[in-house]
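Everything below concerns the one structure shown next.
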Amino acid sequence: MSGVPVWSVLIGLAIGTERGLRPVRLAGLLLGFAGVLLIFAPWQQSGLASWGALAIVGAAASYAIGFAYMGHHLVGNGIPTISLSTAQLLAATGLTTLMVPVGGLGTVHVQPKALMAVVVLGIFATGITFHLTYRIIADEGATNAATVGYLLPVVSVGLGAVVLDEAFSFRVAAGMVVVLVGVGMTRRQSAVVKVQHAEVEAQHAEAAQQAEAEQDAVK
C-alpha cells in the first residue's frame, strides 16, 4: 500500500487527471515514500529481486489503477458514495462466494474471538473504510486518497510496539516522523488549493451580485 501514492501520481499524469502537482505536494509525496523506506529498511533484507517483491509492486499499481478508475468514472456522476461502496462490496461478496468451492470446502469451527474479529474487520476495516475511500476520492482526488497508504506503516509499527512489544528503534521513529511530515506537506498543498478555489468562487459571486445590482439600477 505504501507504493500506491507514487503509482497514483504517475497514472494521474499519464491520463491527465493529475494537474495540480505543485513542488510542495510532489516533495511531500516523495518524502512520505522515503519515510516508509526508512521504517522498513528494505536494504537490510534479502530476496528483494524475487517474484514476491514483484507481486507487491504489482499490487500497489493495481490499487492506484483502481483509485484512478474510481475517481475518473465512478464518483462525481451524481451517485452517492455510500451506494458506490455498497455496490462494490456486494459484487466482491458475490465473486468471493463463487470462488469458495475452488479452495475446497471444509468444516468451519467458529470461535467467539474469531467471530468477533471478523465482525470488527468487516464493519470497520472494510465497510466503513470503503465508504470513506470513496468520500476522499470524491472530495480530494485519487492521489490524496492514496496518501492514506503512507499512514498504514506508522499505525502498524506503533501498535506493534505498544501492544505486541515489538522492537522500536530510532530509525523507525525517524521514519515515522518523516512520513508524517510528508503527508502534512501534501495536505498543506490541498488546503492552499481549496482556499484559492474558495477565493475564486467568492470573486465570481461578488461579480454576479454587482452585475445584478447594475441591471436593477438600469431598470
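The values are calculated or read from the model by the stated rules, or taken from the named source; none is laboratory data. Keep in mind the model is a prediction, meaning the values are calculated, not measured. Reconstructed Cβ throughout: ideal geometry from the backbone, glycine too, with neighbour counts over all protein chains shown. In case anyone asks, the SASA skips ligands and DNA or RNA and just uses the protein heavy atoms, side chains included. Shrake-Rupley method; radii C 1.70, N 1.55, O 1.52, S 1.80 Å.
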Exercise. Answer yes or no: is there a residue in the stretch 105-114 that is open to solvent by less than 80 Å² (accessible area, probe 1.4 Å), assigned to a helix (DSSP H, G or I) and not aromatic (F, W, Y).
Key: yes
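Of all residues in the stretch 57-91, which are open to solvent by 60 Å² or more (accessible area, probe 1.4 Å), under 13 Å from V4 (Cβ atoms) and either without any contact (Cβ under 8 Å) to a residue 60 or more places away in the chain or among the polar types (S, T, N, Q) (or both)? Explain how you work it out, then say what you get.
Step one: filter the stretch 57-91 for residues open to solvent by 60 Å² or more (accessible area, probe 1.4 Å), giving 57, 62-63, 65, 69, 72-73, 76-80, 82, 86, 88, 90.
Narrowing the set further to residues that are under 13 Å from V4 (Cβ atoms) leaves 57, 62-63, 65.
Within the stretch 57-91, V57, S62, I65 meet the criteria.
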Quiz item: Taking the stretch 162-172, which residues are open to solvent by 30 Å² or more (accessible area, probe 1.4 Å) and assigned to a helix (DSSP H, G or I)?
Solution: V162, V163, F170, R171
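Give the stretch 115-126 a look and list any residue that's under 27 Å from the mean Cα position of the chain (by Cα) and open to solvent by 90 Å² or more (accessible area, probe 1.4 Å), or say none. Full working, then the answer.
Kept after step one, since they are under 27 Å from the mean Cα position of the chain (by Cα), are these residues of the stretch 115-126: 116-126.
Hits for the stretch 115-126 are M116, V118, L121, F124.
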Quiz item: Among the listed residues L132, L180, which satisfies the condition of being under 22 Å from V9 (Cα atoms), without any contact (Cβ under 8 Å) to a residue 24 or more places away in the chain and not charged (D, E, K, R)?
Solution: L132
Exercise. Check off (1) in contact (Cβ under 8 Å) with a residue 12 or more places away in the chain; (2) farther than 27 Å from R135 by Cβ; (3) of a type in the set (S, T, Y) for S50 and give me the number that stays unchecked.
Key: (1)
